[in-house]
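Reviewing the structure listed below.
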Amino acid sequence: MNIKPEIEAQIAKLEEKYKNSGQDLSSYLDGLLYEKYLTYWDYIHLDTLLSLQIPRTHFPDEEIFIMYHQITELYFKLIIHEQKQLIDDKVQKAEFLITKIERINNYYKILINSFNVMINGMDRSQFLKYRMALLPASGFQSAQFRMIEIYSTPLYNLLPQKAKEEFTPDAPLEVLYENIYWKKGAVDTKTNEKTLTLKQFEYRYTPRFMRIANEVKGSTIYEKFLHLPREVKNNPLLISAMKELDVNANVNWNLMHMGAAYKHLSKAEQTIDATGGTNWKDYLPPSFQKIIFFPEIWSETEKADWGKQWVEHMFNPQTN
């Protein structure tokens with residue numbers, strides 16, 4: 001039997017690859033021979049994926065609510081996948097950085113553009129009923145979204161404006177984390193105590209958040225940007241991509257949630273509490289928190305007006 005030269009070359013490469021594994025190439029070829037053909041549904045674990053929607057009520061639209069949040073978490077995982085590559089990068093080439101940040105922006109655009117599913121794709125009367133079976137769970141408890149923030153910028157940039165006046169960027173990470181902006185969004189407005197939603201979230205994820213914060217201290221995406229060579233740092237395409245990311249993550253994404261909250265939780269003069277007791281009217285508006293991942297790339301005027309026009313549109317739609 002004649003073996004083609006290219007096949008012989010591939011066999012030689014395989015022998016080289018496996019020679020130090022403790023098994024010869026013949027054993028690995030046996031495994032390949034006995035292995036079943038791969039199918040699409042097995043590769044992506046389709047049956048498992050489609051079995052993960054388990055409603056707690058009989059309302060049909062609850063399944064939409066579950067699936068949309070699961071899809072969102074998968075996109076968050078994609079964002080973190082790109083962020084880790086940016087943080088690990090040692091080459092500092094503008095093309096690589098722009099490509100990765102544009103990928104993140106594409107993921108955010110998909111999420112933002114698809115959020116109409118949450119605004120107009122569910123029956124409001126059903127939502128107001130099945131949501132009561134979800135207490136105290138809340139989308140506030142998305143750990144991956146918090147990880148995205150920690151990978152993006154130092155904890156100091158995640159403080160609310162008042163807290164930034166009390167602390168310095170070199171304050172201990174534990175102190176900065178305890179005063180991070182989103183914790184203020186899960187405090188009982190009557191008692192000023194942490195809600196059960198926040199207590200559960202802190203207990204489950206604080207060790208992981210602190211481990212990540214320590215791992216990326218000095219090497220968040222923003223800090224990596226600050227230490228780039230001047231010609232890379234000043235690349236207009238890179239700055240444009242970073243600005244778009246800042247707005248997508250800290251303005252547009254929040255405002256889509258505000259749109260859903262206004263649609264489902266506000267009616268006439270009455271505002272319904274969010275699940276978990278989160279005070280969404282104080283927590284979601286970008287101009288209230290002014291969270292900016294990459295402050296150096298924005299002018300003082302831009303930072304002062306952060307999210308203002310969009311929030312004015314949300315609160316006073318009749319004036320727009």
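Any read-out appearing in this document is the output of simple, stated calculations on the displayed coordinates, not a laboratory observation. Note that the structure is a prediction, hence the values are computed from the model and not measured. All Cβ positions, glycine included, derive from the backbone under ideal geometry; neighbour counts span all protein chains shown.
What the table below lists for this structure:
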| item | result |
| --- | --- |
| Pairs, first touching a residue at least 40 places away in the same chain (Cβ under 8 Å) in the range 120-135, second of a type in the set (V, I, T) and not in a loop (DSSP other than H, G, I, E, B), C-beta under 6 Å, six or more apart | M122/I64; R131/T275; L134/T275; L135/T275 |
| Options T168, T189, T197; residue that is within 24 Å of K263 (Cβ to Cβ), of a type outside the set (A, V, I, L, M, F, W, C) and not in a helix (DSSP H, G or I) | T189 |
| Out of E73, E62, sole residue that is among the charged types (D, E, K, R) and out of contact with any Lys or Arg (no Cβ under 9 Å at 6 or more places or on another chain) | E73 |
| Subset of the range 86-95 (residues that are assigned to a helix (DSSP H, G or I) and surrounded by 14 or more Cβ atoms within 10 Å (Cβ to Cβ)) | L86, I87, A94 |
| Top-ranked residue in the range 5-64 [being more than 30 Å from G121 (Cα to Cα) and among the basic types (K, R); ranked as surrounded by the fewest Cβ atoms within 10 Å (Cβ to Cβ)] | K36 |
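Yes or no, residue by residue, for (1) touching a Phe, Trp or Tyr at 6+ places or on another chain (Cβ under 6 Å); (2) farther than 13 Å from Q144 by Cβ; (3) outside any helix (DSSP H, G or I); (4) of a type outside the set (A, V, I, L, M, F, W, C):
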residue	(1), (2), (3), (4)
P55	no, yes, yes, yes
M67	no, yes, no, no
Q70	no, no, no, yes
Y75	yes, no, no, yes
I79	yes, no, no, no
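So that you can scan it fast, the table gives a plain yes or no per residue for (1) farther than 21 Å from I80 by Cβ; (2) surrounded by 15 or more Cβ atoms within 10 Å (Cβ to Cβ); (3) of a type outside the set (S, T, Y):
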{"residue": "G139", "(1), (2), (3)": "no, yes, yes"}
{"residue": "S142", "(1), (2), (3)": "no, yes, no"}
{"residue": "L155", "(1), (2), (3)": "no, yes, yes"}
{"residue": "P160", "(1), (2), (3)": "yes, yes, yes"}
{"residue": "N179", "(1), (2), (3)": "yes, yes, yes"}
{"residue": "W182", "(1), (2), (3)": "no, yes, yes"}
{"residue": "D188", "(1), (2), (3)": "yes, no, yes"}
{"residue": "E193", "(1), (2), (3)": "yes, no, yes"}
{"residue": "P207", "(1), (2), (3)": "no, no, yes"}
